[in-house]
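The values are calculated or read from the model by the stated rules, or taken from the named source; none is laboratory data. It should be emphasised that the depicted structure is a prediction, and the values quoted were computed from it without experimental measurement. Glycine gets a Cβ as well: all are built from the backbone with ideal geometry, and neighbour counts include every protein chain shown.
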Amino acid sequence: MKDQSIILSVKNLSVDFPVKGGLPFAKKKYVQAVTDVSLDIIEGETFGVVGESGCGKSTLANAMIGMIRPTKGEVFFKNQSLFELDRKSFIETRRHMQMIFQDPYSSLNPRWNVFQIISEPMYIRGGYTEDEMKIRVLELLKLVGLDENDLYRNPSDFSGGQRQRIGIARAIILNPDFLVCDEPVSALDVSVHAQILNLLIEIQKKLNLTYVFISHNLAVVKCICDNMIIMYLGNVVESGKSSVVFKNPQHPYTHALLSAVLDMNVDKNKKRTILKGDIPSPIDPPKGCRFWQRCPFAMVGCKDHKPDLIEIEKDHQVACFKVTGFSQEQIEQGFDQLIGVTVLTDEKSE
């Protein structure tokens, strides 16, 4: 990347959602979807956000582009505090931040044709004639690998991969700088994954886009992401350059995720880590490290003390006491006594 300027920064961002229902005089409860996340995204890069379903990665991405207002914290886009802008400035800034949705079957209006779907952002923004919109839509159809004959067809006429191409065209029609790709291939047939990923890479190079790539698939993230964070129950547990994290994973949760990746080159007798227990509720998460109840290396201090995200080497940060250690005073108090749960392993054999 030639330009190392930061296009978007997230500072101590948290997002809580109130839980509806319950007794009228009971204490109000909240789903703690994202907790105290900070990160910087460099212009022109692909930034990966990785984790299991429910870890808060999509909520974080929605807050990044202003679709959700955070409970606390700030988002800076091109050095402007996104949530302190007046309405007019916010709308103008949001034009530069768009999203490709996960499911192309539900994100496209089935009653609209391709022209109506792709041109909708231009129509909402206003100031364009129908001829100008048509020229722009035809230009983008060619860019995403579709034909001008598709202009007035409906979504039901297309395959999943073709629908996602339509969604990509819609996302870039206003010439954004920043694009959130929310699991853009997870709802598609495996046979078209590579086609869509290659298309995204090609478009990024042509239009100089910055991507936030949300995924639970570490194999995909390894291929296309420059930097990444790994989230668990709303917290970032490991972050850094993708090449460094994959080469030297440190957090026990990262190890478990990597163990689950299918790799034809791995020894068939290699043991795979299978985490024991369920993910705790985000309504009442653990007080200390949110992973300790499933961690094979959990210590006494992990129960009540939350580890900070600490740099352990260049371009690599981890939030784990096993890696960063306790203070001498905490060790004297027995914080480092092992209480880890047993982790199931699955030995691969013939």
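For region 63-75, state whether one or more residues are surrounded by 13 or more Cβ atoms within 10 Å (Cβ to Cβ) and touching a Pro at 6+ places or on another chain (Cβ under 9 Å).
yes
Among the residues of region 77-85, is any surrounded by 20 or more Cβ atoms within 10 Å (Cβ to Cβ) and among the hydrophobic types (A, V, I, L, M, F, W, C)?
Yes: one or more hits.
Assess whether S53 counts as being loosely packed, with under 15 Cβ neighbours inside 10 Å and either touching a strand residue (DSSP E or B) at 6+ places or on another chain (Cβ under 7 Å) or within 24 Å of L257 (Cβ to Cβ) (or both).
yes
Results for (1) polar (S, T, N, Q); (2) loosely packed, with under 15 Cβ neighbours inside 10 Å; (3) modelled with pLDDT under 95, shown as yes or no for each residue.
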position: V19; (1), (2), (3): no, yes, yes
position: G22; (1), (2), (3): no, yes, yes
position: E45; (1), (2), (3): no, no, no
position: M99; (1), (2), (3): no, no, no
position: D103; (1), (2), (3): no, no, yes
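Is there a residue in region 210-219 that is exposed (fewer than 15 other Cβ atoms within 10 Å of the Cβ), outside any loop (DSSP other than H, G, I, E, B), among the hydroxyl-bearing types (S, T, Y) and modelled with pLDDT under 95?
no
State all residues of region 297-334 that are touching a helix residue (DSSP H, G or I) at 6+ places or on another chain (Cβ under 9 Å), in a loop (DSSP other than H, G, I, E, B) and either surrounded by 17 or more Cβ atoms within 10 Å (Cβ to Cβ) or hydroxyl-bearing (S, T, Y) (or both); if no residue qualifies, say none.
Matches in region 297-334: F297, A298, H305, P307, C320, F326.
Could you list all residues from region 143-169 that are part of a helix (DSSP H, G or I), surrounded by 15 or more Cβ atoms within 10 Å (Cβ to Cβ) and over 26 Å from the mean Cα position of the chain (by Cα)?
D150, P155
Take the conditions touching a helix residue (DSSP H, G or I) at 6+ places or on another chain (Cβ under 7 Å) and in a helix (DSSP H, G or I) and apply them to L140. Does it pass?
Yes, satisfied.
Kindly check whether there is at least one residue in region 180-195 that is in a helix (DSSP H, G or I) and surrounded by 20 or more Cβ atoms within 10 Å (Cβ to Cβ).
Checked against the condition, which is being in a helix (DSSP H, G or I) and surrounded by 20 or more Cβ atoms within 10 Å (Cβ to Cβ), region 180-195 yields no hits at all.
Quick check: is even one residue across region 60-69 of a type in the set (D, E, K, R) and either touching a Lys or Arg at 6+ places or on another chain (Cβ under 8 Å) or closer than 25 Å to K222 by Cβ (or both)?
Within region 60-69, not a single residue is of a type in the set (D, E, K, R) and either touching a Lys or Arg at 6+ places or on another chain (Cβ under 8 Å) or closer than 25 Å to K222 by Cβ (or both).
Within region 109-135, track down each residue that is surrounded by 14 or more Cβ atoms within 10 Å (Cβ to Cβ) and within 17 Å of E148 (Cα to Cα).
Result: W112, N113, V114, F115, Q116, I117, I118, S119, M133, K134.
Under 6 Å between Cβ atoms, which residue pairs at least 6 apart in sequence (or on different chains) link something in region 132-160 that is of a type in the set (K, R) with a partner that is buried (at least 16 other Cβ atoms within 10 Å of the Cβ) and at pLDDT 95 or above?
R153/V114
Filter region 220-248 for residues that are in contact (Cβ under 8 Å) with a residue 40 or more places away in the chain, in a helix (DSSP H, G or I) and of a type outside the set (S, T, N, Q); which is surrounded by the fewest Cβ atoms within 10 Å (Cβ to Cβ)?
The qualifying residue surrounded by the fewest Cβ atoms within 10 Å (Cβ to Cβ) is V244.
Out of T345, T273, T254, T324, which single residue is touching a Lys or Arg at 6+ places or on another chain (Cβ under 6 Å) and either at negative phi or modelled with pLDDT of 80 or more (or both)?
Residue meeting the stated conditions: T345.
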